[in-house]
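Working notes, beginning with the structure itself.
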Amino acid sequence: MDSLDLTSQDWLPAAAGLTEATSRSLLQSIQSIDLSTSASAQPIGTRFAYRGAGGKAIVMLHGFDSSCLEFRRLVPELAVDHRLWALDMLGFGFGDRPADLQVSPAKICEHLYAFWQSQVKEPMVLLGASMGGAAAIEFALSHPEAVEKLVLLDSAGLTRGPNLSKVLIKPLGNLATGFLRRPDVRIKVSQKAYQDQSLVTEDANLCASLHLLMPNWSEALITFTRSGGYYVGDRITQVAVPTLILWGRQDRILGTKDAARFEAAIALSRLQWIEDCGHVPHLEKAQETAGAIAAFVA
């Protein structure tokens, strides 16, 4: 296992602009391992941040087009009493993207299982935010022996996304990702994600965009989108582990209706609202979110 050598990265000058202590600390703690899966003919360089020395094993999965930096404020709150892995999912974050990389929900699940076998090696609390919530559900259904509990933060997965497989081809796919790369577009997404607009800082915007500088970012995003993305609505009632559903009361990205739908569909679930909060309670209300998770894990 190797620490991520920031001095060798093309995006180091940009990373030097981080000002929040939690952002800099988590970035500097990122480690790298190689995992072999069917997603590529070669081992895949996989990035994650690890914190903690005891307690329950908690693995955190970020949202769409994001990275493990999404958990920069939640990790310090939980690391005192738990072992935490904030993982960059296959094809996302700062992980390697070989030219032949296949990115789909099935490949992400396989990659996560390889990571679990390599690093965690015991039933874990699997936490997923937004798209990461759908990935967590998919994994819990595929590998129930590896998941003790689920935590869903404003989770996706109950609604099918648009079928873009026919239009996300070159050059249209590159035009779409080029639009998503634009700073003004990403700032507007952040403004919609937060209820408290004062949290849409330069540091927050930089954390949300550093991974765009990784090689083959556009190609991997197109490949994943063409796979159809996540939909677990037809299997959600099969989730059989205790599940905590945390949801920002003012979520303007996914709305709030799915919160109750998740609670109704998952037998061993409990919904807890995070008040005065948007789509990212782990960033906007980190202490309150960590307290709810800690009580649930205990």
Exercise. Using Cα centres only, tell me the gap between region 97-137 and region 239-298 in whole Å.
Key: 20 Å
Self-check item: Mean residue ellipticity (222 nm) of the chain, computed from DSSP H runs ≥ 4 via -39,500 (n - 2.57), nearest 500
Solution: -9500 deg cm²/dmol
Quiz item: Can you list residues whose amide H is under 5 Å from S269's amide H, if they're 5+ apart or on another chain and H is modeled 1.01 Å from N?
Solution: T243
Practice problem: Report, by chain and number, residues whose modeled amide H sits under 5 Å from the one on G248, excluding near sequence neighbours (fewer than 5 apart, same chain). | Solution: D154, I274
Exercise. Would you mind calculating the relative contact order of the chain from Cα pairs under 8 angstrom and at least 6 residues apart, reporting the percent as a whole number?
Key: 19 percent
Quiz item: What would the Debye formula give as log10 I(q)/I(0) at q = 0.08, 0.14, 0.15 Å⁻¹ for the alpha-carbon point model of region 2-297, no solvent?
Solution: -0.30, -1.03, -1.22
Quiz prompt | Under-26-angstrom lysine pairs by C-alpha in region 2-297, whenever the two are 8 or more apart or on separate chains | solution = 16
Quiz item: Non-local amide H neighbours of F64 (under 5 Å, H modeled in plane, Pro and chain starts lacking H): which ones?
Solution: M131, G132
Quiz item: Label R270 and Y113 with points 7 Å out from Cα along Cα→Cβ: what is the distance between them in nm?
Solution: 3.1 nm
Quiz prompt | Whole-Hz ³J(HN,Hα) from phi, Karplus 6.51 cos²θ - 1.76 cosθ + 1.60, for region 137-142, glycine and proline x | solution = 5, 4, 5, 4, 6, 7
Self-check item: Theoretical gain in end-to-end length, I187 to L213 [0.36 nm per residue, Cα-Cα removed]
Solution: 7.7 nm
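Laboratory data are not the source of any read-out in this text; all were calculated from the coordinates shown. All values reported here derive from a predicted model rather than from experimental measurement. With ideal geometry, Cβ positions are generated from the backbone for all residues, glycine too; neighbour counts draw on all protein chains shown.
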